[in-house]
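Okay, so here's the structure we're looking at.
Please treat every number below as a calculation from the coordinates, not as lab data. Not measured: the values here are computed from a predicted model. Cβ sites come from the backbone with ideal geometry, for glycine too, and all protein chains shown count toward neighbours.
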C-alpha cells in the first residue's frame, strides 16, 4: 500500500535506538524521559537530566533520510545545555555536524562517540524545564500506579 502522507509513526529502528540510548544515559547516572513536549511545542525524543544538573536533548535518527528531511533539530538547542543525535551503527556518521554530540546505539546499549559541547541554559529557562521534567515524570509514574485514573492524567499531561 502506497502512502501519500509522510509516515507518522517512528521507524522500527527508532524505538530500539531510543531504548539503547536511554540505557546508556541511565547507566551514566542521568534521569531520562522519552517523548517530551518542550515549551515551544517541539517534541524531544529523549530529555535527560545529568547528575550535574545539565539537560541533554537527544534526537534519535533511524536513517539518513530521517535526518535529511528533518531540519528542526536546531530548535532544540534553546532547551538543552547539551544536544546530541543518537543513531544506529549503519548510519552515515559523516552527516552529523561536528558541533553536536553523537551516540551510536542498538536496542540493548549505546556508546557516546562524541561528547556534546556545553551551552548553558539561562537560569529561568533551566528552572522552567526542571519543573516540566519533574511534573511529567511524576505524572507518568502515577499513571503506571493507577491506570484507571490515567484519563485524568492524560488531560494534565497534554497541558505540559
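What number of residues within the range 33-59 are without any contact (Cβ under 8 Å) to a residue 40 or more places away in the chain and within 10 Å of the chain's Cα centre (by Cα)?
Qualifying residue count, the range 33-59: 7.
How many residues are crowded, with 16+ Cβ neighbours inside 10 Å and either in contact (Cβ under 8 Å) with a residue 60 or more places away in the chain or out of contact with any strand residue (DSSP E or B) (no Cβ under 6 Å at 6 or more places or on another chain) (or both) if we restrict to the range 96-105?
Of the residues in the range 96-105, 2 are crowded, with 16+ Cβ neighbours inside 10 Å and either in contact (Cβ under 8 Å) with a residue 60 or more places away in the chain or out of contact with any strand residue (DSSP E or B) (no Cβ under 6 Å at 6 or more places or on another chain) (or both).
Restricting to the range 60-95, name every residue that is under 24 Å from residue 128 (Cα atoms), surrounded by fewer than 19 Cβ atoms within 10 Å (Cβ to Cβ) and either touching a residue at least 40 places away in the same chain (Cβ under 8 Å) or in contact with a helix residue (DSSP H, G or I) (Cβ under 7 Å, 6 or more places away or on another chain) (or both).
77, 78
In the range 117-133, which residues are closer than 20 Å to residue 41 by Cβ and surrounded by 13 or more Cβ atoms within 10 Å (Cβ to Cβ)?
121, 125, 126, 128, 129, 130, 132, 133
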